[in-house]
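What follows is a single structure, written as C-alpha cells, with notes after it.
The values are calculated or read from the model by the stated rules, or taken from the named source; none is laboratory data. It should be emphasised that the depicted structure is a prediction, and the values quoted were computed from it without experimental measurement. Here the Cβ positions follow ideal geometry from the backbone for every residue, glycine too, while neighbour counts run over all protein chains shown.
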Amino acid sequence: MNHKTPPAGILRNVEKPGRYTGGEYNSIIKNKEDVRVRFAFCFPDTYEIGMSNLGVRILYHCLNSVPTVWCERVYAPWTDMMAEMEKYSIPLTAHESGDPVRDFDIVAFTLQYELCYTTALRMLMLAGIPLLSRDRGPDAPIILGGGPCAYNAEPIADFFDVFSIGEGEEALPELCRLYEDMKANGTYSREAFLHEAAKIEGFYVPSLYEVSYHDDGTIKEYTPICDDIPRRIRKRIVKDLDRAPYPEKFVMPYIETVHDRILLEVYRGCIRGCRFCQAGMVYRPIREKSPENLCRMARCIYDNTGYDEISLISLSISDYSKIRELTEELLSWTDDEKVNLSLPSLRIDSFTEELMERISSVRTGGLTFAPEAGTQRLRDAINKNVTEEDLLHAVNVAFNGGKSSVKLYFMQGLPTEQMEDIAGIADLARKVVHAYFRAENRNKSRGVSVTVSVSCFIPKPFTPFQWDAQDPLPLLEEKQQYLRECITDKRIRYNYHDAKVSFIEAVLARGDRRLAPVIRHAAESGLVFDAWTEHFHYDRWMESFRASDVDPSFYANRVFGEEEILPWDIIDCGVTKEFLLRERKKAYENKTTCSCAEHCNGCGAQILGGVTRWCKS
Amino acid sequence: MVQELISGPAFPRPATLRVRFRKTGNLQYISHLDLVRTMTRILLRAKIPVAYSEGFNPIPRLSFAAPLSVGVESEVEVMDVRITHPVDLSLVVDRLNKHLPLEMTVYDAYYAETKPNAIAYVSYLIKIKEAALPKEERRKAMEETLLGKPLTVVKNTKAGRRETDISPMVRSVETAIEGEEYFFRITLFTENASFLNPDYLVRALHEKNNALSGERDREHYTVLRTGFFLADGTPFR
C-alpha cells in the first residue's frame, strides 16, 4: 500500500488519529501509471460524518468504475490536526494515496448544508489552492461543487470553477471523459475546458454568467457571456434508477462513524409536497428501484461488508409503493443472520402494529414523529397532511407496544404562523402524554417521557416558501421562550437550538454572489466547522458582514417579491415557478394539496423524463 | 463457500478458536473497541461459524487476551472466538487474510488449550529516534531510568491523576543503539490480567531524560509488542 500519512509524532498528539490514516477495507488503490484523471472528492466536515454520506459512496463507486479515473476521498482535518499541519507546513492530502490535493486534476466538494462553506474554503487553504476561481493559474486543479446546496450556489460561486447540478452518476464520468480527451488531444486549458463543460447538460460554470443588480439591491439579470451555453442550467437525473450504478462494496471505517451500516437507497423524490421541504421538490420526479434489485443488492453488500444493520434510505420510506414486498423479502433472511432492518423517515400516518412487531430497530430504538406544526390550521398551510388523530393513533401503537418515550419534531417561524400555533405545540405534546395513560397495554412500571424538539424555519430555494422571510431573530427567540412557558408538564422535555445558527443558514440559503466576500472573510478569519456548536461564532459572522458592508437580513428576513429574479433562477430543477406560486397561494388560504399518489399535481418535473412512478404526462 | 470451511458436525458446546494476528503500521491508531468491531465484521465476511450470546441482543462471542493501547503495534495478538462447528484450520488463515487490510495479518489459527490468564509477562521493543544522533552516555542514562526503583509515573485513573511506582511491573530491560535509534527490549509482568501500557516507560524517559522533547516532525518512536510468555518462560500459545 503506497500511502503516506502525517508523521507519527503528530498522529500521537491529535484526537482520534484513525481519522487520518486511511487504508480501510474496500478503499480503492489504483496504479498511477494507468490513471489519466486524479479526482479528489472532498467532504467538508470530519471523517466520521463524511464516511456516512451516501452520495459520496455512490459517486466514489461510479468514478472508480472508469479505469482511467482514480477517485480518492478527502475529509476536513479536525482543529487540532489543522494546527499541526499549519505549524509543520503539511498540505491537505487524499486518503488513498496520501498525495497532496493541489496536485489532483479535479477537486470536488459535496455541499450538503450551508454551514459547511467555511470548512470547504479552509480545506482549499490547507491544500494551497487559491480561493477565488479567477486567481487560479493554468496548472491549478478544476474546483467542482455539487450536492443539495448547488441548487443555490450563488454565495460561493466565486470560489468554484464549475458546479454539477442534480445527480452525478452519469454527469461526473462525462466531465472526466471531457478532461481526459482535451488533455490527450492538446486542447486543454482551464478556460477551454470550462467552456466545454458549460455545454454539457447539468454543469454550471459561474464565471461564464454575469449578474447585474437594480438600485434596490434585487437582481436585474443573469447574462451568459457566450452564446453557445444555456441561459438556464437544467439539472441532471438518472432516468432509470434500476439501471443506475450503485456500490456493492462500502469502504469500511475502522473508527466509529455515524450511520455505520448498509445504506440501501430505495427511491428518489417524495410524493407529499410539504411546502417547506426542498429535498421533496429537487429530487423529483419520483423514481423507484424494484424490490428484486434492492434485495439482490442488500445481500451482495452484506456479503462484502459484514455489517449487521441495513437502513432503507428515502425521503419517506412508507410511501415506497412496494414497501411490504421489500420488507417481507429482506426479513426472510435478516432475522436469521442477526441483521437489523432500520426504516428511518417513517410518516406518522403509516406507523402500524405490524411495523412495530416485525422491524427490530423499531422495537428497540427510540421513536420519532414529525408533526412539524402544532395546529391543524398550520399543518394544512404547510401541506403536512397529518391530523391529530393520526398522531394519537401512532403514539397509541407505540405505547401499547411497550414504548414509554417518544420524540416529536416541530418547526417554528413557519409562514402564516401565529402565537396560537406555538401554543398548539404544547397542547399536542400534552395530548400525547394523556394518550399514554389511555393505552391499556402500556408499560405500567415506567412513566412517560415526551421530548419536543423545535427547529427554526429556514426558507429554501425551490420550495413554495422560497419567497417567505424567516422571522427576525428577536421574534424567533421570543417564540422559543413563549413555548417554554406553555410547557408546564414535567413529563415533557423541550429542546431548541440557537436561533442565531438558523439565521446564518437562512442568509446563506437565499444568498447571492455578493455574499462571497463575507464568506471569504469568515473563513480567513478562522471560522470553520460552523455546524458544530462549539465552533459557531455569531459575533464573528456579524463582523464579516460588517467588514464587507452586507446586510444579512436582506437575505434572511426580507419577503422576496414574486416578480423578483431570484439568485437560483439560473437553475432549472424541473419543478416550475408557476407550481410553486400556486402552492404558496394555497398555503395562505390554508388549502392542502394531495400527494402524487392520489393524482398528479403538475409540478413540472415530468419534463425531465425518466422511468417515473406517479407522473402523468 | 461456508461448506469448505466447516469440517464436521456442530460441537455439543462451542469450542474456542484462537487466532493470532499482527496489528502494525497505521492500524496502531485504532482503539481496542474499534478493533473488536472490525474483527466482528471480518469474521462475518469470512463466514466463520461464530457462536452468539443468548438473550435479546445476541452478539458474537469474541475476546482478546490482552487489549492493545492506541499507539502500540503488535506482532502477537491473541483473539479467541467461540465457534459452533469445527473448521478446517489450514483454510481459516487464508480465508481471514483475504478479508483483512494489509497492515493486519493473521498468521496462525488453532484450538485453544490454555487460558489467557496463564500469561505471566509480555515483551516489547521500543525504538526511539531523536533529532540528535544517539550517544552511549545517553543510552546508559535511559537504561538506568527504566531500571530505577522506584520508577514513578503519573497515571490518569477514574479517581484522578495518581502517582504510581511501576518498577514492580518491570521484569527486565536491555538497551542498545542500532543505527540512528535507541532500542529498548523490555519485559513487563502482568498483574491479575492487567497489562501496563508500555507508553508509560516512554513517558518516564521523557520526564527524566528529556526524551522526545524536540520537534515532533523529526522525532519518532514506535512501541511493538513482541511476545507473551508463561511463568516458566515458554511462549504462550
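Out of curiosity, is B:L100 within 11 Å of another protein chain (Cβ to nearest Cβ), within 30 Å of A:T21 (Cα to Cα) and surrounded by fewer than 17 Cβ atoms within 10 Å (Cβ to Cβ)? No, not satisfied. Looking at segment B:43-50, is at least one residue more than 8 Å from chain A (Cβ to nearest Cβ) and either in contact (Cβ under 8 Å) with a residue 60 or more places away in the chain or assigned to a strand (DSSP E or B) (or both)? Within segment B:43-50 (the criterion being more than 8 Å from chain A (Cβ to nearest Cβ) and either in contact (Cβ under 8 Å) with a residue 60 or more places away in the chain or assigned to a strand (DSSP E or B) (or both)), the answer is yes, since at least one residue qualifies.
Could you tell me whether B:E113 is more than 14 Å from chain A (Cβ to nearest Cβ), in a loop (DSSP other than H, G, I, E, B) and more than 30 Å from A:G9 (Cβ to Cβ)?
Taking the combined requirement at face value, the residue satisfies it.
Find the residue count for segment B:201-210, including only residues that are assigned to a helix (DSSP H, G or I) and away from every other protein chain (no Cβ under 14 Å). Show your work before the answer.
Restricting attention to segment B:201-210, the residues satisfying the condition of being assigned to a helix (DSSP H, G or I) are B:201-209.
Now drop any that are not away from every other protein chain (no Cβ under 14 Å), which leaves B:201, B:204-205, B:207-209.
So the answer is 6.
Looking across B:V170, B:V153, one residue alone is modelled with pLDDT under 90, surrounded by 16 or more Cβ atoms within 10 Å (Cβ to Cβ) and more than 14 Å from chain A (Cβ to nearest Cβ). It is B:V153.
Exactly one residue out of A:F545, A:F536, A:F554 is touching a Pro at 6+ places or on another chain (Cβ under 7 Å) and hydrophobic (A, V, I, L, M, F, W, C), and it is A:F545. The set of residues from segment B:138-150 being loosely packed, with under 15 Cβ neighbours inside 10 Å and basic (K, R) comprises B:K140, B:K149.
In a residue-by-residue description of segment A:114-126, the property of being closer than 30 Å to A:L315 by Cβ, more than 14 Å from chain B (Cβ to nearest Cβ) and basic (K, R) applies to no position.
Restricting segment A:28-53 to residues that are small (G, A, S) and surrounded by 21 or more Cβ atoms within 10 Å (Cβ to Cβ), the residue that is farthest from the other protein chains (Cβ to nearest Cβ) is A:A40. How about segment B:211-237: which of its residues are within 14 Å of chain A (Cβ to nearest Cβ) and either over 29 Å from B:G179 (Cα atoms) or more than 16 Å from the chain's Cα centre (by Cα) (or both)? Once the filter is applied, which keeps residues that are within 14 Å of chain A (Cβ to nearest Cβ) and either over 29 Å from B:G179 (Cα atoms) or more than 16 Å from the chain's Cα centre (by Cα) (or both), segment B:211-237 yields B:A211, B:L212, B:S213, B:G214, B:E215, B:R216, B:D217, B:R218, B:E219, B:H220, B:Y221. Scanning segment B:185-206 for residues that are free of Cβ contacts under 8 Å to residues at least 12 places away in the same chain and touching a Leu at 6+ places or on another chain (Cβ under 7 Å) returns a single hit, B:H206.
If the condition is being exposed (fewer than 15 other Cβ atoms within 10 Å of the Cβ), in a strand (DSSP E or B) and in contact (Cβ under 8 Å) with a residue 12 or more places away in the chain, then segment A:196-212 contributes only A:E210. The set of residues in segment B:113-132 that are over 30 Å from B:H206 (Cα atoms) and either at pLDDT 95 or above or of a type in the set (D, E) (or both) contains only B:E113. Within segment A:11-19, is there a residue that is more than 14 Å from chain B (Cβ to nearest Cβ), assigned to a helix (DSSP H, G or I), under 22 Å from A:V258 (Cα atoms) and in contact (Cβ under 8 Å) with a residue 12 or more places away in the chain? Looking for residues that are more than 14 Å from chain B (Cβ to nearest Cβ), assigned to a helix (DSSP H, G or I), under 22 Å from A:V258 (Cα atoms) and in contact (Cβ under 8 Å) with a residue 12 or more places away in the chain, one finds none in segment A:11-19, hence no. Do we have any residue at all in segment B:54-69 that's in a strand (DSSP E or B), surrounded by fewer than 19 Cβ atoms within 10 Å (Cβ to Cβ) and within 14 Å of chain A (Cβ to nearest Cβ)? Looking through segment B:54-69, at least one residue is in a strand (DSSP E or B), surrounded by fewer than 19 Cβ atoms within 10 Å (Cβ to Cβ) and within 14 Å of chain A (Cβ to nearest Cβ). Here A:T387, A:T416 are screened, and the one residue that is farther than 20 Å from A:L475 by Cα, surrounded by fewer than 20 Cβ atoms within 10 Å (Cβ to Cβ) and either of a type outside the set (D, E, K, R) or modelled with pLDDT of 95 or more (or both) is A:T387. One residue stands out among those in segment A:216-259 that are within 22 Å of A:C573 (Cβ to Cβ) and aliphatic (A, V, I, L, M): the one that is nearest to the other protein chains (Cβ to nearest Cβ), which is A:A244. Of the residues A:V74, A:V56, A:V69, A:V107, the single one that is away from chain B (no Cβ under 14 Å), closer than 30 Å to B:Y221 by Cα and surrounded by 22 or more Cβ atoms within 10 Å (Cβ to Cβ) is A:V74. Residues in segment B:51-66 that are touching a residue at least 12 places away in the same chain (Cβ under 8 Å) and hydroxyl-bearing (S, T, Y): B:S63 only. Could you check segment B:80-94 and list, in sequence order, the residues that are touching a helix residue (DSSP H, G or I) at 6+ places or on another chain (Cβ under 8 Å) and buried (at least 20 other Cβ atoms within 10 Å of the Cβ)? Passing the criteria: B:V81, B:V87, B:V92.
Would you check if A:Y179 is modelled with pLDDT of 95 or more and within 26 Å of the chain's Cα centre (by Cα)? Taking the combined requirement at face value, the residue does not satisfy it. Only a single item in (1) within 14 Å of another protein chain (Cβ to nearest Cβ); (2) under 28 Å from the mean Cα position of the chain (by Cα); (3) touching a residue at least 24 places away in the same chain (Cβ under 8 Å) is not met by A:I90, and it is number (2). State which residue is farthest from the other protein chains (Cβ to nearest Cβ) when the search covers only segment B:1-42 and only residues that are without any contact (Cβ under 8 Å) to a residue 60 or more places away in the chain and over 30 Å from B:T222 (Cβ atoms). For segment B:1-42, the residue satisfying everything is B:P12.
Test A:Y113 against the criterion of being closer than 18 Å to A:S164 by Cβ, of a type outside the set (D, E, K, R) and either in contact (Cβ under 8 Å) with a residue 40 or more places away in the chain or crowded, with 23+ Cβ neighbours inside 10 Å (or both), and give yes or no. It is true that A:Y113 is closer than 18 Å to A:S164 by Cβ, of a type outside the set (D, E, K, R) and either in contact (Cβ under 8 Å) with a residue 40 or more places away in the chain or crowded, with 23+ Cβ neighbours inside 10 Å (or both).
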